[in-house]
Amino acid sequence: MSTSDINIKERGQIAVWLAITAFCVFFSTVYNHYGHGIHSFFMSFLFLWPLAGAIWYSLLPAVFSVYPGRFSKNAMNAGLATVTVGSLLQGVFEIAGTASPYVPFFFYSGVLLCLLGMLSLFRHKN
């Protein structure tokens, strides 16, 4: 695999995370607008999780001189997606005035997947 192939794939990954970030900004703005004056920290800052994914994939090759493998990418993507959905659900529940005992499991499992992806990345560093 050539370096240009890796750069194209990484740019595509960054573009996907930035598109998800834009969607989260739009979704949280609309949802907070129709929240009858009730705002949620988790909904207002929902965009930070996918933005962290874009930053992670853009800084990773430059700072650490390493390209993530399939397992590391999949674990990081799944972890960030899980934490994003958990934040979305927590925001929806707070605005609706209810709660769920299952939302913390989204955060725990998402962080665990992210850590697993990072450990896998640095364990196989060349």
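Results, tabulated for the structure shown:
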quantity: Answer from F107, F71, F45 - the residue that is touching a residue at least 12 places away in the same chain (Cβ under 8 Å), over 21 Å from T21 (Cα atoms) and not charged (D, E, K, R); calculated: F71
quantity: Residue in segment 32-69 that is modelled with the lowest pLDDT, counting only those that are of a type in the set (F, W, Y), more than 15 Å from the chain's Cα centre (by Cα) and under 29 Å from T98 (Cα atoms); calculated: Y34
quantity: Residue pairs meeting the criteria (Cβ under 6 Å; at least 6 apart or on separate chains; first within 18 Å of T29 (Cα to Cα) and without any contact (Cβ under 8 Å) to a residue 60 or more places away in the chain, in segment 79-104; second of a type in the set (S, T, Y) and not in a helix (DSSP H, G or I)); calculated: F93/S100; E94/S40
quantity: Given (1) exposed (fewer than 15 other Cβ atoms within 10 Å of the Cβ); (2) closer than 21 Å to W17 by Cβ, number of the condition S58 does not satisfy; calculated: (1)
quantity: Test: residue in segment 92-105 that is of a type outside the set (V, I, T), under 17 Å from I14 (Cβ atoms) and part of a helix (DSSP H, G or I); calculated: no
quantity: Test for S72: is it assigned to a helix (DSSP H, G or I), of a type in the set (S, T, Y), modelled with pLDDT under 90 and touching a Ser or Thr at 6+ places or on another chain (Cβ under 8 Å); calculated: yes
quantity: Residue match in segment 88-95 (condition: at positive phi and either at pLDDT below 90 or crowded, with 19+ Cβ neighbours inside 10 Å (or both)); calculated: no
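The values are calculated or read from the model by the stated rules, or taken from the named source; none is laboratory data. Keep in mind that this is a model prediction, so the values were computed, not measured. Heads up, the Cβs are rebuilt from the backbone with ideal geometry, glycines too, and the neighbour counts pull from every protein chain shown.
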